Every structure is written in structure tokens, then in C-alpha cells.
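Q: Structure in C-alpha cells, see below.
Computed from the coordinates by the stated procedures, all read-outs in this text should not be read as laboratory data. Not measured: the values here are computed from a predicted model. Cβ placement follows ideal geometry from the backbone for every residue including glycine, while neighbour counts extend to all protein chains displayed.
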Amino acid sequence: MSVPSPLSRALLCAVSLAVMAGVTAGELSVPIQLDHAFIRQALLDQVYLGAGHTAHVLEDARQCNTLVLSDPQVDARDGRLRVVTAIEARGGTPLGDRCIGLFSWSGLVETLEEVFVVAGRPAIGVRVVDSNFLGADGVKRAVPGLLWDWLKRYVHPRRESFGIDLMPAILEARSLLRTAVPADDTTVQAVIDSISVGSVQVNDTALVVGLALSVPEPPPGYVRTAQPPLSVEELRAWDVAWQDWDAFLTWLVKQLAQEATAHEARMELRELLLDARYELRAALAADDPQPDPVRALFLRSWPRLAALVRRLGDTVPGTTAARYLSFVAAADALLAVDAAGPQLGIRVDRGGLRQLARIVAPSLIDAELEYRQDVDAKLRELMGFGPPLAPTDPAPSAALRMLDWFIAAAWARQAPAPEVVGRLTGWVPGQDELDEYLVIMGTLLTQTTDSSVAAGKVPADLAAVYRALVFATAWQETCWRQFVRVAGKVQPIRSAAGSVGLMQINQHVWRGLYDVDALAADVGYNARAGNEILLHYLVDYAIRKGEHERTGDVDNLARATYAVYNGGPRHLTRYREADTSKALRAIDAAFWSKYRRIAAGGIAVVKECYGH
């Protein structure tokens, strides 16, 4: 019995319940759930192979006796699978070139089936224990005795040919665990060899398979202790580790996006990647980095990732679905062993991540998983950002520059205008220059936002909210500064977490989407990048999820958008939640104050940043 592709898709919902609920050492069971909808699709692939997903279980040469099944529906009853299938049957006796008809019947056939683990094999089988003929109304019907005979002779064996082979997933789980062990360890090898199919049961919504593992108890008194501060060499290794994780997750999200045809699925992939990168940003900013960053980041992302892969699995080709099955099952087993047996020293490192990646794409080469800083057009497409932003063109001649100051139409050629960017480049204003500086920086932000409004990227009735949002965000992030003076040298303003420039674009969160050098050197590029990010969060999160409708205040779109800009997609509603931390409340309150003042009084209030 080979792995049926749609059923493999169902297996993708192994959601690490054992890992997240706090497993203990001993005999573990990692649950793999097969929803009824996926079992139905598996039946179509294995049994209903005729045109229009039919199963011609009986068909003599003269078409005198025929039995055709179609449209199976799957649910559960009393701990058994229940399959109800449409049936068309005709019985007769051949006479020369003619057929003398005896009966014709159409309706439904119901089978109740036990599921079991196949003896000696990592496979699941089914056994028909009861069957009935039903009318279209679902009520039992009397049928000719010959039809009952056909049901037992032809239909039951066809149904019982259905099965699930879990050996490919088990082999991948064993291989991944071997990769995750830092050295040859007989104890870990025993855990690897113990992986098997332990149980199977049917509940109201799914068939649940338990992958069984045997993990030894930790030594008496064993505690996973906090580690001392990292050495210089360990910090170098730490940098390699988080880069490997980010490169792996970015590759995987792009790979899954190729199969995600639904808009909502692609949106969830975007959100998953961004939330994971915001988590990475927080880890990079921590004063005491943990020795194994990948493990912590993987644990945070895995439940969402596994659930998303499961849903995507319903649309992928059979061979891809089977690989996704092995990917999820292997990672679940790895994390279960790590949680139950911390003394085993299981690690999720470069080798493990690449092993996981090759489960999904066996022909993958290492270069595709390298951490790179250059702009990735495919990643920008996934994010819905379109072609890469171009750096600001050099400012034209002085004569043209003067003319452009007075011809607003020239702004349409490029937003912001090159001469505005040129004037602001390298400028750290003195106290006597603040008025001029703020006017020109305000011009840059105005040109940037006007361009988006003119292109129809913002609903016309929300243009004022959007403009104030951009202006207030630049105020909140940097006091409208791209450059600062440090030890007498002018340089781009940077944060400890890797954010740069006017809009504080984080180079780790937005890796592959923007040119890191241009973010630092080109204030126009930085303004457009921040504007693009804010637009994404405003339109695809705050507006789409109706924050203004939920609260009755259109300005709350700005509050929700900035919360996401600051903390990632999962922070959308934090500004109105009672359990938001004190630190985040202070950030949101500061932004809200700036937004309202910008909306009410224009840009002059930004001067307060400079002690005025």
C-alpha cells in the first residue's frame, strides 16, 4: 500500500501536540491527524480512478451487468469510518446480442470500516464491518439479492484495498534525528530505531495515527540549565545559526508559495515569515543570547508552519504532498524527542535544516539555502510589493533642479524628486537650520505619500489617515532623521537591532526585499521603503481586518498599522488589548500622541524632537 497523495496531505496536520503540551520521557506518541475531507480525496486517488472520479467495479463485455460507484463522502460513526457512495447498478442476462434486463437500481451504499495498524508494517489498513443500501433520503432500502452479492464480492474488496504506507515518513524522521545528534550515540540510535506506527483511531472529525517513540528518562536530578554568556567563538557560531534559520525559513515560505493559489494562503505565508523575522529581530537585540537560537525560533514558528503546510497540502500534486507529509512528521518527531529527552543533546542546526529542506525538495542544492543580502524579486512578489525599488536617480543640473522646485508635475517622474534627496543626503541640521530642514524633509515625505495616493494604492477617503500615519511614523522612529553625527562623522542612524535610516527599516526583517546599502545611503529610498511597508500593513492588515469598523474610529487604522510596523503582524490589535505589556503600551501611546498632533497641526510639531 503506497502513500496516497491526498491522504498524505491530510497527514500534514501533525501539530506537535506532544511537544507543545509538555511531553515526558518514556513511550511517546506523536499524533498525525487525517481529516475526513483528506480521506475522501485519498479514496478518489486510490479507488475512484475512472472518468469523473468513478469506480467501475463490475462491467461485463456486453454492458449487461454493471456496477459504478461515485462521489464518496466520509465521516465517522461509533469509532469507525463511514463512507457513503453513490451507486448505479444494472443486472441482466445476455441472450445473443441482446441483454434481458432483470433490475436497475440507483441510490447510495454505506460502508462502516474499522481502521487498524497492519501487522509487521508501518501502514494503516481498513476492514469493512457493515454495509447498507440507502435511498437518496438516507433511509435504508431493500434491494435485489444479486446486488447484495455484488456488494460483498466486488465493492468490499475494492474498499479494503485502500491503505496508508507511513514508511517514507518514518525513514525521513530517522534520518533527521541522525543529523540532529552531535556525535554517534547508541542511546539516540535506540530512539531512532524505535520509531514506528503505534496506534490509530477514528474520532468525529479525523483519523488519528500515533507515531510511537521510546525515549529514555533523563538522569536523576537532570535539569536543562541556563547557559553562561557566549564566548567570542560561540557568538560567531550563533550568527551562523540564526542566518541558517532565516535562510531556511525564507526558502521554505517561497517554496510553499509556489503551491499556494488562494490569496488567503499567500497572506498567511507572508505573515508567518514576517512574524518569524520579528522574533529574530528580538533575539538579535537581546542582551543575553541563548546558545541555540534555532531551537527557540523553530519552536515558536513550528505550530503555525505545520498547520499551514497541512492546509496547503490539499492543493499540491501527489509526489509533493508525500514529501510534505515526511517533512512535518520528521520535524514533529525531532521536536518530541528534544522535549522529552533534553539530555540527548538534540540540535536543530544547519545540517538538520538542510535535511528538512531536502525532504521537501530532494534536488535542492546548498547554494539555494545560503544567507544573502541582495534583493530577491520572487520574495517581493510573494509579499505583494511588485518589482524592486530603484535607488534615487542622481540630482540633475542646477538649472533643472531650480525648475523642478516649482513644477509639481515633475514629481510624477520619480517620488521623491532627486533634488530633494540630494539636499537631504548627509545633512545633520544645526539649530539654525531646523526650520529649513524640516520643510525639505516634509517635502520628501509629501512627495512619497502623494505618489501612492495618486497611484490609487490607498482608498481616497483614507488618504489623510495614511499621510498622517507616514509622517508620525517617521517622527516616532527617528525625529525625521536619516543621518546623525557620531564622533564627528556623519553616518546613517542605526539601532542595535539592525534598523536603519529615516523609517528605521530593519535589515533582518526585510532582508531580500530592500537594498541594504540604499536604505543607509539614500534617504529617498528609505522613505519609499517605509512607505511601502506601511501601505502593506495598512491595506492588507488594518483595513482588510476592519480595525476601523471594530472600533468605530477610522484613526485607529493608524494605531493598528503602527503596532504591526513596530512588532510584526501578530501585534495588530495590541493597542486595544488589556494584557498588552507596559513597555508596548508606552510605545503605542507615544505614537498615538504624535499621530494626532500631526493630523491636527502639520509638521511644525516635529521640531519638539530637537528641544524646541
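Q: To the nearest 10 degrees, how steeply does helix 263-285 sit against the main Cα axis of the chain, on a 0 to 90 scale?
A: The two axes meet at around 50 degrees.
Q: When the Debye formula is applied to the Cα atoms of segment 48-161, each taken as the same point scatterer, what base-10 log of I(q)/I(0) results at q = 0.12, 0.17 Å⁻¹?
A: Cα-only, vacuum Debye calculation for segment 48-161: -0.47, -0.86.
Q: Expressed in whole Å with the largest first, what are the equivalent ellipsoid semi-axes of segment 521-598 derived from the C-alpha gyration tensor as the square root of 5 times each eigenvalue?
A: Semi-axis lengths for segment 521-598 are 21, 15, 12 Å.
Q: Sorting Tyr278, Tyr525 on the 10 Å Cβ count, fewest up front, what's the list?
A: Working: Tyr278 21, Tyr525 24.
The fewest-first ordering by Cβ neighbours comes to Tyr278, Tyr525.
Q: Give the long-range amide H neighbours of Leu102: residues separated by 5 or more places, or on another chain, with amide H under 5 Å away, using H modelled in the peptide plane at 1.01 Å from N.
A: Gly91, Gly92, Thr93
Q: Enter the Cα centre distance for the pair segment 116-187 and segment 471-503, rounded to the nearest angstrom.
A: 61 Å
Q: Cut-off is 10 Å between beta-carbons; in what order do Leu379, Leu434, Leu469 appear when sorted fewest neighbours first?
A: Exposure proxy ranking, most exposed first: Leu434, Leu379, Leu469.
Q: Next up: I'd like the orientation of helix 232-257 relative to the chain: the angle between its Cα long axis and the longest Cα principal axis, in ° from 0 to 90, rounded to 10.
A: Its long axis makes an angle of about 60 degrees.
Q: Among the lysines, which fall within straight-line cross-link reach of Lys545, defined as a Cα-Cα distance under 23 Å, with same-chain neighbours fewer than 8 residues apart omitted?
A: Lys457
Q: Return one number: the angle in degrees, 0 to 90 and rounded to the nearest 10, between the long axis of the Cα atoms of helix 463-478 and the longest principal axis of the Cα atoms of the chain.
A: 70 degrees
Q: Kirkwood-based Rg over Rh for segment 405-523 (C-alpha set), two decimals?
A: On the Cα set of segment 405-523, Rg over Rh gives 0.97.
Q: Still on this structure, I have one more. Just order 506-517, 85-96 by mean Cβ neighbour count inside 10 Å, highest at the front, would you?
A: Per-residue mean Cβ counts within 10 Å order the peptides as 506-517, 85-96.
Q: Hey, another quick one. For segment 503-550, divide the Cα radius of gyration by the Kirkwood radius and give the resulting Rg/Rh value with two decimals.
A: With Rg and the Kirkwood Rh in hand, the quotient comes to 1.10.
Q: Next question. Output ³J(HN,Hα) for segment 550-556: one whole-Hz value per residue in order, computed from phi by the Karplus curve 6.51 cos²θ - 1.76 cosθ + 1.60 with θ = phi - 60°, and x for Gly and Pro.
A: Result, ordered by residue: 5, 9, x, 9, 4, 5, 5 Hz.
Q: Give me the distance in nm between label points sitting 7 Å out from Cα along the Cα-to-Cβ direction at Arg98 and Asp432, one decimal.
A: A separation of 11.7 nm, rounded to one decimal place.
Q: Ok, one more. Please get the size of the charge dipole for segment 48-161, origin at its Cα centre, with Cβ charges of +1 on Lys and Arg and -1 on Asp and Glu, quoted in debye to the nearest 20.
A: Computed charge dipole of segment 48-161: roughly 180 debye.
Q: How many times 2.2 N^0.38 Å is the alpha carbon radius of gyration of segment 263-308?
A: Segment 263-308 yields a ratio of 1.27.
Q: Give the Cα extents of segment 398-610 along the principal axes, in whole Å, largest first.
A: Here the spans come out as 54, 41, 36 Å, largest first.
Q: Using a 10 Å cut-off around each Cβ, can you sort His263, His536, His56 from fewest to most neighbouring Cβ atoms?
A: By the 10 Å Cβ count, ascending: His263, His56, His536.
Q: Same structure, new question: With θ set to phi - 60° and the Karplus curve 6.51 cos²θ - 1.76 cosθ + 1.60, what are the ³J(HN,Hα) couplings of segment 200-212 in order, to the nearest whole Hz, using x for Gly and Pro?
A: Result, ordered by residue: 8, 8, 10, 10, 5, 10, 7, 9, 10, 9, x, 6, 9 Hz.
Q: Taking 8 Å as the Cα distance limit and 6 or more residues as the minimum spacing, I'd like the relative contact order of the chain as a percentage.
A: Worked out over the chain, it gives 14 percent.
Q: Zone of Ala237 (label point 7 Å along Cα→Cβ, backbone N under 15 Å): which residues in segment 328-350?
A: 345-350, by backbone N distance to the label point.
Q: Which whole number in µm²/s is D for segment 476-531 by Stokes-Einstein, with the Kirkwood Rh taken over Cα pairs at 10 °C and 1.306 mPa s?
A: Details: Rh = 11.1 Å.
Answer from the Stokes-Einstein relation: 144 µm²/s.
Q: A further question on this structure: Pull out the extension gain between Arg311 and Ser175, defined as 0.36 nm times the separation in residues minus the alpha carbon to alpha carbon distance; nm, one decimal.
A: Contour length minus Cα-Cα distance gives 46.4 nm.
Q: Amide H neighbours of Leu81 under 5 Å, counting only residues 5+ apart in sequence or on other chains, H built in-plane at 1.01 Å?
A: Residues meeting the criterion, in which the H sits 1.01 Å from N, are Glu113, Val115.
Q: Charges only on Cβ, +1 for Lys and Arg, -1 for Asp and Glu: so what's the dipole of segment 398-610 about the Cα centre, in debye to the nearest 20?
A: 460 debye
Q: Still on this structure, I have one more. Kirkwood hydrodynamic radius for segment 411-465: how many Å is it when counted over pairs of different Cα atoms?
A: Evaluated over segment 411-465, this radius sits at 12.3 Å.
Q: What ranking, highest mean first, results for peptides 166-172, 189-195 when packing means the other Cβ atoms within 10 Å averaged over each residue?
A: 166-172, 189-195
Q: For segment 149-220, what does the equivalent ellipsoid look like in terms of its semi-axes, each the square root of 5 times an eigenvalue of the Cα gyration tensor, given largest first in whole Å?
A: Here the semi-axes work out to 38, 14, 9 Å.
Q: While we're here: Beyond 33 Å, what share of the Cα-Cα pairs of the chain is found? Please give it as a whole percent.
A: Numbers: 106987 of 186966 pairs.
The answer is 57 percent, as a whole percent.
Q: A further question follows. Go through segment 538-612 and name the GluC sites (Glu not before Pro) that are in a DSSP coil and have 10 or fewer other Cβ atoms within 10 Å of their Cβ.
A: Here no GluC sites (Glu not before Pro) fit, given the DSSP loop and packing criteria.
Q: Here is a further query. Listed highest first by mean packing, meaning other Cβ atoms within 10 Å per residue, what order do 135-143, 437-445 come in?
A: Top to bottom by mean Cβ count within 10 Å: 437-445, 135-143.
Q: List, in order, the whole-Hz ³J(HN,Hα) value for each residue of segment 568-585 obtained from phi through the Karplus relation with A = 6.51, B = -1.76, C = 1.60 and θ = phi - 60°; use x for Gly and Pro.
A: Couplings: x, x, 6, 8, 3, 9, 5, 5, 10, 9, 5, 9, 5, 4, 4, 5, 5, 4 Hz.
Q: Go through Cys479, Gly101, Val74 and say which Cα lies farthest out towards the positive end of the charge dipole of the chain; charges sit on Cβ, +1 for Lys and Arg, -1 for Asp and Glu.
A: Looking along the dipole axis, the top candidate is Gly101.
Q: Kindly provide the helix-only [θ] at 222 nm of the chain, computed as the sum of -39,500 (n - 2.57) over DSSP H runs of four or more divided by all residues, to the nearest 500 deg cm²/dmol? Intermediate values should be presented prior to the final figure.
A: Numbers: 22 runs with 275 residues, N = 612.
That comes out to -14000 deg cm²/dmol.
Q: Also: Hey, with R₀ at 22 Å, roughly what FRET efficiency would Arg550 and Val453 work out to, going by the Cβ-Cβ distance, to 0.05? Don't skip to the answer; put the middle values down first.
A: Values: r = 25 Å, r/R0 = 1.12.
Once the sixth-power term is evaluated, E becomes 0.35.
Q: So, one more: Amide H of Val197: which non-local residues (sequence gap of 5 or more, or other chain) have their own amide H closer than 5 Å, using H built in the peptide plane?
A: The list, which skips near neighbours in sequence, is Ala212.
Q: Now, a different point. Counting residues in segment 323-374 as N, plug N into 2.2 N^0.38 Å and put the Cα Rg over that result.
A: Segment 323-374 yields a ratio of 1.31.
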